[in-house]
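The structure appears below as structure tokens.
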Amino acid sequence: MRFPMQQAANPIIEISGLRKVFHTKQGDFTALDGIDLSIGAGDIFGIIGLSGAGKSTLVRCINYLESPTEGTIRFDGRVLGTLKPAELREARRSMGMIFQQFNLLMQRTALGNICLPLEIAGVPRKKAVERAQELLELVGLPDRADAYPAQLSGGQKQRVAIARALATNPKVLLCDEATSALDPTTTRSILALLKEINQKLGITIVVITHEMSVIEEICRHVAIIDQSRIAEVGEVEEIFVNPQSDIARRLIFPGGMPVERLGSERCVRIVFDGNSSFEPVVANLVLECGTAVNILFADTKDIDGRAFGQMLIQLPDDEIAQKRVFNYLSRVGISYKEESIHA
Amino acid sequence: MLEPEIWGLIGRSILETFYMVLVSTFASYVIGLPLGVLLAITDKDGITPCAPLYTVLGFIINVLRSVPFLILMMTIQPLTRAIVGTVLGSTATIVPLVVGASPFIARMVESSLKEVDHGVIEAATSIGCSPFQIVWKVLLPEARPSLTVGAAISITTILGYSAMAGFVGGGGLGAVATNYGYYRYQSDVMLVIVIILVIIVQIFQEVGMRVSRRFDKRIR
Ligand SMILES: Nc1ncnc2c1ncn2[C@@H]1O[C@H](COP(=O)(O)OP(=O)(O)O)[C@@H](O)[C@H]1O
Ligand SMILES: [Mg+2]
């Protein structure tokens with residue numbers, strides 16, 4: 001298991017021993033257990049898991065919307081649990097947050113929504129309006145200042161929410177399923193905006209999602225959370241290439257690996273780690289080895305123009321042909337793993 | 001048809017009724033609005049949960065609300081006399097109206113504030129709003145349409161109470177209805193007053209609804 005995670009080089013958020021228990025009428029429920037995470041400054045860090053895994057609870061503990069039952073959250077060098085209420089509110093201004101349902105004030109215009117955190121921070125009205133206008137430009141809505149949320153599309157609402165979250169120049173932006181209520185095209189444009197914000201402003205972004213495609217698209221690191229615990233954490237590429245936990249495999253290959261349904265056969269699992277593209281590899285393998293192979297399963301993804309993923313190939317019965325396949329793969333520098341599959 | 005003096009009396013009593021109802025509504029909001037806010041924020045899902053306060057306050061309000069208005073009015077006569085100096089007339093009626101309507105308004109305000117989407121409150125918390133700022137900048141403005149409808153309902157309820165008060169020495173339309181329509185069997189006076197009351201209720205209700213809708217930005 002790739003666990004626990006190596007310390008991030010320059011952590012801005014450090015979570016250690018985090019545990020959250022909800023006391024409900026039906027008894028206690030442990031929503032988070034033994035969470036250790038370190039999120040580096042400037043990173044885009046994904047947290048993925050199935051519904052109910054505890055993602056929202058985790059992100060809400062990061063800005064203390066929810067107080068941890070045990071453990072500490074250190075943000076920018078300060079342990080949040082030790083802060084007085086006023087200091088905590090001050091600290092929250094350095095942590096913007098956006099939500100699946102946008103959570104805009106319906107009775108305020110786009111500009112009014114963005115001004116709210118500035119009013120709270122005591123910025124004079126005129127300056128606040130100027131800053132809000134700047135932010136509207138940053139998120140690509142310069143001419144919608146006077147629109148009310150009800151007059152905006154989902155994507156536009158999320159842009160306003162992003163602008164509001166950025167108003168007080170936070171160091172971190174927490175995104176809880178920020179694109180889950182949006183269509184794929186809008187999702188992509190919002191993710192592109194988040195990436196731009198990360199690059200332009202150097203803001204650390206924490207992305208909570210249940211969709212692997214979101215992680216692929218923008219994250220550098222990812223933590224996979226399953227049943228209240230971290231199952232795996234590391235670089236996105238690494239985890240895509242070589243998922244260790246069941247939950248990681250399930251999230252990366254949602255179609256499922258048909259492995260269990262096969263008879264006892266010799267197979268080879270080819271791993272694409274971004275250094276090659278998969279089509280010539282298979283074609284050349286067939287040509288060079290002079291043998292047909294059966295692709296049992298393939299799931300490859302294009303990340304930043306490079307191929308990642310896995311392919312499960314059924315080998316010919318002939319042992320010499322099998323050797324040739326292995327030789328070929330070694331020669332072209334593709335990592336593979338021999339597997340025998342049981343029913 | 002009614003004699004001119006009666007029309008004059010009805011005209012004056014309309015003004016008296018407006019005086020009682022408007023002053024009472026205002027005073028009831030001065031008391032009921034903060035209480036409603038307190039109820040909304042101290043309930044277990046509120047922004048500053050405080051079960052003892054919520055329970056005690058809720059209990060007092062429920063007790064006041066379960067006493068029928070006429071009985072309440074007579075029960076608190078000593079209080080009325082202490083404040084106004086008399087228990088008769090329009091000004092004296094304002095005291096029981098306020099005591100009767102404030103708890104009602106507190107509950108209306110509580111329910112309006114509880115309609116505000118929890119996610120919005122969460123967003124406000126995440127940008128560093130204090131509980132006071134959440135009330136002032138989020139709960140009250142976001143609940144404005146619902147509060148406006150509540151105000152229309154409150155004002156018409158108070159109008160109803162004020163008419164009842166006419167039976168036991170209150171002023172306004174209720175007093176004319178009691179003295180002429182009831183004791184002197186002038187059913188034509190009674191009918192006119194009923195029609196006037198219906199019209200006033202309709203006007204308040206309609207204006208409240210329109211104002212609420214006109215300023216509700218959730219509607220495109
Ligand atoms: N306030 C709460 N009270 C009780 N249980 C809760 C509360 N919030 C979350 N939970 C439970 O904790 C678990 C994790 O919830 P959540 O963090 O929202 O999951 P996710 O965001 O990954 O879907 C769920 O089983 C949920 O029912
Ligand atoms: Mg969630």
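When the range A:52-68 is limited to residues that are under 22 Å from A:Glu90 (Cα atoms) and more than 14 Å from chain B (Cβ to nearest Cβ), the one that is farthest from ligand 2 (Cβ to nearest atom) turns out to be A:Pro68. Across the range A:130-156, the number of residues qualifying as more than 22 Å from A:Lys200 (Cβ to Cβ) and either among the basic types (Lys, Arg) or part of a helix (DSSP H, G or I) (or both) comes to 4. For residues in the range A:143-181 being among the acidic types (Asp, Glu) and closer than 21 Å to A:Arg60 by Cβ, which is surrounded by the most Cβ atoms within 10 Å (Cβ to Cβ)? It comes out as A:Asp176. Scanning the range B:123-139 for residues that are crowded, with 18+ Cβ neighbours inside 10 Å and touching a residue at least 24 places away in the same chain (Cβ under 8 Å) gives B:Thr125, B:Ile134, B:Val135, B:Leu139.
Being away from ligand 1 (no atom under 16 Å from the Cβ), under 23 Å from A:Val236 (Cβ atoms) and in the same structural domain as A:Ile205 (by TED's automatic domain parsing) is a property that does not hold for A:Ser56. Tell me yes or no: at least one residue of the range A:232-239 is more than 16 Å from ligand 1 (Cβ to nearest atom), more than 21 Å from A:Leu58 (Cα to Cα), away from chain B (no Cβ under 14 Å) and surrounded by fewer than 21 Cβ atoms within 10 Å (Cβ to Cβ). Yes, the conditions are met somewhere in the range A:232-239.
When A:Gly49, A:Gly71 are screened for being more than 11 Å from chain B (Cβ to nearest Cβ), within 16 Å of ligand 2 (Cβ to nearest atom) and crowded, with 17+ Cβ neighbours inside 10 Å, only A:Gly49 passes.
Within the range A:162-181, residues that are within 11 Å of chain B (Cβ to nearest Cβ) have Cβ atoms under 7 Å from residues that are part of a helix (DSSP H, G or I) and among the charged types (D, E, K, R) in these pairs: A:Ala167/A:Arg131, counting only partners at least 6 apart in sequence or on another chain. Of the helices (runs of 4 or more DSSP H) lying entirely inside the range B:86-169, those containing at least 3 residues that are within 14 Å of chain A (Cβ to nearest Cβ) are B:118-126, B:144-165. Only residues that are surrounded by fewer than 20 Cβ atoms within 10 Å (Cβ to Cβ) and facing chain B (nearest Cβ under 10 Å) were counted across the range A:109-139, and they come to 2. Within the range A:89-115, residues that are within 16 Å of ligand 1 (Cβ to nearest atom) reach partners that are acidic (Asp, Glu) with beta carbons closer than 6 Å, at six or more positions or on different chains, in the pairs A:Phe99/A:Asp176; A:Gln100/A:Glu177. Checked against (1) away from chain A (no Cβ under 14 Å); (2) of a type outside the set (A, V, I, L, M); (3) touching a Phe, Trp or Tyr at 6+ places or on another chain (Cβ under 9 Å); (4) assigned to a loop (DSSP other than H, G, I, E, B), B:Arg184 passes all but condition (3).
Every residue, every condition in (1) of a type outside the set (A, V, I, L, M, F, W, C); (2) under 24 Å from A:Ala178 (Cα atoms); (3) in contact with a Lys or Arg (Cβ under 9 Å, 6 or more places away or on another chain); (4) within 14 Å of chain B (Cβ to nearest Cβ), yes or no:
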residue	(1), (2), (3), (4)
A:Gly17	yes, no, no, no
A:Ile35	no, yes, yes, no
A:Ile39	no, yes, no, no
A:Phe75	no, yes, yes, yes
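Considering the range A:6-25 alone, what residues qualify as being within 9 Å of ligand 1 (Cβ to nearest atom) and surrounded by fewer than 21 Cβ atoms within 10 Å (Cβ to Cβ)? Within the range A:6-25, A:Phe22, A:His23, A:Thr24 meet the criteria.
Each residue in the range B:79-112 was checked for being under 9 Å from the mean Cα position of the chain (by Cα) and under 11 Å from B:Gly170 (Cβ atoms), and 1 pass.
The set of residues in the range A:194-213 being away from chain B (no Cβ under 14 Å), in contact with a helix residue (DSSP H, G or I) (Cβ under 8 Å, 6 or more places away or on another chain) and within 14 Å of ligand 1 (Cβ to nearest atom) consists of A:Val207, A:Thr209, A:His210. Here B:Gly46, B:Gly8 are screened, and the one residue that is small (Gly, Ala, Ser) and farther than 30 Å from B:Gln186 by Cβ is B:Gly46.
For A:Ile224, state whether it is at pLDDT 95 or above, more than 16 Å from ligand 1 (Cβ to nearest atom) and not in a helix (DSSP H, G or I). In short, no.
The values are calculated or read from the model by the stated rules, or taken from the named source; none is laboratory data. For clarity, every value in this text was computed on a predicted model and none was experimentally measured. We place every Cβ from the backbone using ideal geometry, glycine too, and count neighbours over all the protein chains shown.
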